[in-house]
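Take a look at the structure below.
Every read-out reported here was derived from the displayed coordinates using simple, explicitly stated rules and does not represent laboratory data. Predicted, not measured: the structure shown is a model, and the values here were computed from it. Every residue, glycine as well, gets a Cβ built from its backbone with ideal geometry; the counts of neighbours run over all protein chains shown.
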There are 2 protein chains.
Amino acid sequence: MRDGEMQRAAERRPRAAAANQAAQADNLALATLLLSAATTLVDGIHGAVMAAGFDDLRPTHGFAFVRISRGDATVGDVAEHLGVTKQAASQLVDELDRKGYVTRRPHPTDARARLLALTPRGWACTRAADRAMADLMEGWAAVLGGKRVAALRADLARVVPVGPLRPAAW
Amino acid sequence: MRDGEMQRAAERRPRAAAANQAAQADNLALATLLLSAATTLVDGIHGAVMAAGFDDLRPTHGFAFVRISRGDATVGDVAEHLGVTKQAASQLVDELDRKGYVTRRPHPTDARARLLALTPRGWACTRAADRAMADLMEGWAAVLGGKRVAALRADLARVVPVGPLRPAAW
DNA sequence: AACGATAGACAAGTGGCTTGACTAAATGGT
DNA sequence: ACCATTTAGTCAAGCCACTTGTCTATCGTT
């Protein structure tokens, strides 16, 4: 069906057209809410982390921490986790090293690779981020109740493809 | 409480510590899901729009379309909507003009300003995006049911601050 | 009429990413 | 055991969307 036909058909079916418009508005609302939720989370956590004194980091660094804190991480692993090139990850890790958040020790079984680990400062930063995240979720639970927050999580888990926690590329 | 004390306290309360860890994991899971949901939406819509032949646009352009399609938009309005400088918005709009998606006509009451409007091609692109969004949401509804999707929207609306639909800045 | 404020565009600079090129070490086939 | 290929990581240069800085034309106010 071409656009002209669609428009004329809509004119002939005003009720259906109105319903479609309402559905479209609902879709846009949900999409907007999801994007806002994501930015609210990232901004909130990042703001709290900065306020806690770790003000030389960007959100992307936090995403790298998620992988590094899990242990057994190399630069390549971080690159894959973040969805960037190895070069970008290498720069990022180098920066984190210079700023005292991670260490690069020789890999036990591969002399080419380096095993990454968080320093005490890196762990402190991670704890600050976790705390901020918990605070935010506590706020949500205070409004919705723990049950609906859990339902939110469960529902999203059913429709959102699982993947690594990577920064937005838009 | 210093970190050392906290750690020792956690060792003394293994049950509480385990519960906290579980809660922390849940928080991270929900945060991950929300970010994934946002990227899934953006990538999905952008992919569909590109596949529909509008392959010279980035997601940011789509966010601009949202404001411009609402009508009565100037470059300044778009800048505020996107959360970028007027210069950046100016470049963006110029590009959209060159590519045939928007027109810049003289503003009826302010000779400094220019009134933005979508061209037929701009509208076609917007419709393609709306269709992609509807398809995605239909997929969600097929899994969760319309009721739970509506609940998702309602719950998020209660905890997420309302704001313009702007691209992620991380 | 004259003033500061505003809309928009031109120009140059910036920063985080990319592609390209390279070294050193691991892997695999013969 | 050897050599070719692959892989981990880094150095270097380029790219591009954004920024800050500057300017003109026009608006609103007094």
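A Gaussian network model of chain A, with springs between Cα atoms under 10 Å, assigns the largest mean-square fluctuation among A:A19, A:A29, A:A129 to A:A19. Of the residues A:V102, A:V159, A:V93, the one that moves most in a GNM of chain A with alpha-carbon contacts below 10 Å is A:V159. The charge dipole of the protein assembly as shown, taken about its Cα centre with unit charges on the Cβ atoms of Lys, Arg (+1), Asp and Glu (-1) only, comes to about 380 debye. Once the C-beta distance of A:R131 and B:D135 is scaled by a Förster radius of 35 Å, the resulting FRET efficiency is 0.35 to the nearest 0.05.
If you run the Gaussian network model on chain B, springs between alpha carbon atoms under 10 Å, then out of B:G145, B:G83, B:G100 the most flexible one is B:G145. Put in line by how crowded their Cβ is, counting other Cβ atoms within 10 Å and starting with the fewest, A:T119, A:T39, A:T85 read A:T85, A:T119, A:T39.
Pairs of C-alpha atoms in chain A farther apart than 21 Å represent 61 percent of all such pairs. Sorted fewest first by neighbouring Cβ atoms within 10 angstrom, A:D77, B:D135, B:D55 come out as B:D55, B:D135, A:D77.
Treating r as the C-beta distance of B:M50 and A:K86 and R0 as 22 Å, the FRET efficiency rounds to 0.25.
Less than 5 angstrom separates the built amide H of A:V102 from those of A:D97, A:T119, all sequence-distant by 5 or more or on a different chain.
Descending by average beta-carbon neighbour count within 10 Å, the peptides A:148-155, A:103-110 line up as A:148-155, A:103-110, the highest first.
For the stretch A:131-170, a/c is not less than 1.5, where a ≥ b ≥ c are the root eigenvalues of the C-alpha gyration tensor, and a/b does not top b/c. That puts it in the oblate class.
Helix screen, chain B: DSSP H segments with Cα axial length of 24 Å or more and mean Kyte-Doolittle hydropathy at least -0.5 are B:14-51, B:120-144. Counting every other Cβ atom within 10 Å of each residue's Cβ, A:M133, B:M137, B:M50 order from fewest to most as B:M50, A:M133, B:M137.
What separates the Cα centres of the stretch A:61-131 and the stretch B:117-144 is a distance of 39 Å.
Once a ≥ b ≥ c are taken as the square roots of the eigenvalues of the Cα gyration tensor of the stretch B:18-85, is the result rounded (a/c under 1.5), prolate (a/b larger than b/c) or oblate (a/b not larger than b/c)? It is oblate, given that a/c is not under 1.5 and a/b is not larger than b/c. Length available on full extension from A:D94 to A:R112: 0.36 nm per residue minus the Cα-Cα distance, which gives 4.9 nm.
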